[in-house]
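Participant: Below are the structure tokens for one structure; questions will follow.
The values are calculated or read from the model by the stated rules, or taken from the named source; none is laboratory data. Everything numeric here is computed off the predicted structure, so don't read it as measured data. Virtual Cβ from ideal backbone geometry, glycine too; neighbours counted across all protein chains shown. In case anyone asks, the SASA skips ligands and DNA or RNA and just uses the protein heavy atoms, side chains included. Shrake-Rupley method; radii C 1.70, N 1.55, O 1.52, S 1.80 Å.
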Amino acid sequence: MPARSSVTERFSNDDTSDGVVLISFSAPKNLWFYTCSIEIINVDTKVRTWLSGSFLQPDLTDDSVKVVYKAVELPEGDYHILNWQIYRGQSKFVPLGIFTIPFTVRSGHINYIGDYMGLLKNKAGKTPVFMPPTDVYFEVSDRFNSDADMFESKFKHLDLSNVLNAMPDFSGSNTKYSLMYLKGINIP
């Protein structure tokens with residue numbers, strides 16, 4: 001069964017084999033023509049889905065960051081993050097190898113999998129404007145408490161009173177995350 005690309009008005013927590021995945025993508029405010037994506041795969045069905053955020057029209061902009069909020073209906077099951085892409089203008093950045101990072105979607109629930117901030121840095125740790133970056137990576141964080149009002153405003157038909165923390169396992173039992181070059185949650 002193919003994954004659905006958006007949350008429908010009909011989603012309810014009763015009698016469904018699907019769950020809703022909440023995710024946000026962030027980028028530094030000064031970057032335009034910028035898109036962040038992660039690819040996930042359902043372990044049982046092998047169906048792949050790209051979750052993406054483009055920052056041309058962000059849902060939130062403050063003094064330092066732009067954020068795009070997404071909600072996607074997916075069948076219940078075990079999933080892995082297995083790829084990522086960051087586009088800046090016509091440049092595309094991808095991981096240098098293969099990795100898998102597990103998480104689980106529960107049916108009839110809202111499952112939050114985190115905020116993925118796509119970062120491009122030079123050797124001095126600054127965001128390069130005209131030169132190519134030397135480091136490209138995602139900084140992953142749990143921003144649900146600070147972003148709950150924005151999720152609720154954008155997805156009014158979802159009951160966000162009992163959201164499950166379905167953050168991927170970036171710690172102990174996962175030894176293959178180095179190729180994603182993640183920073184943030186329990187990452188050595």
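Participant: Please verify whether the stretch 61-68 includes one or more residues that are among the acidic types (Asp, Glu) and in contact (Cβ under 8 Å) with a residue 60 or more places away in the chain.
Facilitator: We begin by selecting, within the stretch 61-68, every residue among the acidic types (Asp, Glu); these are 62-63.
Then drop every residue that is not in contact (Cβ under 8 Å) with a residue 60 or more places away in the chain, which leaves none.
Within the stretch 61-68, none of the residues are among the acidic types (Asp, Glu) and in contact (Cβ under 8 Å) with a residue 60 or more places away in the chain.
Participant: What is the number of the single condition among (1) in contact (Cβ under 8 Å) with a residue 60 or more places away in the chain; (2) open to solvent by 40 Å² or more (accessible area, probe 1.4 Å) that residue 112 does not meet?
Facilitator: For residue 112, the exception is condition (2).
Participant: Would you mention how many residues in the stretch 118-135 are part of a strand (DSSP E or B) and open to solvent by 40 Å² or more (accessible area, probe 1.4 Å)?
Facilitator: Looking only at the stretch 118-135, we keep the residues that are part of a strand (DSSP E or B), and these are 118-121, 135.
With the extra rule that they be open to solvent by 40 Å² or more (accessible area, probe 1.4 Å), the set shrinks to 121, 135.
The total comes to 2.
Participant: Turning to a different aspect of this structure: Can you name the number of the only condition in (1) modelled with pLDDT under 90; (2) surrounded by 17 or more Cβ atoms within 10 Å (Cβ to Cβ); (3) not hydrophobic (A, V, I, L, M, F, W, C) that residue 35 fails?
Facilitator: Every condition holds for residue 35 apart from (1).
Participant: Out of 87, 79, 69, report the one residue that is at pLDDT 85 or above, surrounded by 14 or more Cβ atoms within 10 Å (Cβ to Cβ) and in contact with a Cys (Cβ under 9 Å, 6 or more places away or on another chain). Talk me through it step by step, then tell me what you get.
Facilitator: Values: 79 fails: in contact with a Cys (Cβ under 9 Å, 6 or more places away or on another chain); 69 fails: in contact with a Cys (Cβ under 9 Å, 6 or more places away or on another chain).
Matching residue, one of 87, 79, 69: 87.
Participant: I would also like to ask the following. Can you name the number of the only condition in (1) free of Cβ contacts under 8 Å to residues at least 24 places away in the same chain; (2) among the polar types (S, T, N, Q); (3) open to solvent by 60 Å² or more (accessible area, probe 1.4 Å) that residue 54 fails?
Facilitator: (3)
Participant: Give the residue, chosen from 102, 95, 2, that is more than 12 Å from the chain's Cα centre (by Cα), modelled with pLDDT under 90, at negative phi and not in a loop (DSSP other than H, G, I, E, B). Lay out the reasoning, then the answer.
Facilitator: Working: 95 fails: not in a loop (DSSP other than H, G, I, E, B); 2 fails: not in a loop (DSSP other than H, G, I, E, B).
Being more than 12 Å from the chain's Cα centre (by Cα), modelled with pLDDT under 90, at negative phi and not in a loop (DSSP other than H, G, I, E, B) holds for just one of 102, 95, 2, which is 102.
Participant: Tally the residues that are within 18 Å of the chain's Cα centre (by Cα) and modelled with pLDDT of 70 or more, restricting the search to the stretch 5-30.
Facilitator: Step one: filter the stretch 5-30 for residues within 18 Å of the chain's Cα centre (by Cα), giving 5-7, 19-29.
Adding the requirement that they be modelled with pLDDT of 70 or more leaves 19-29.
Qualifying residue count, the stretch 5-30: 11.
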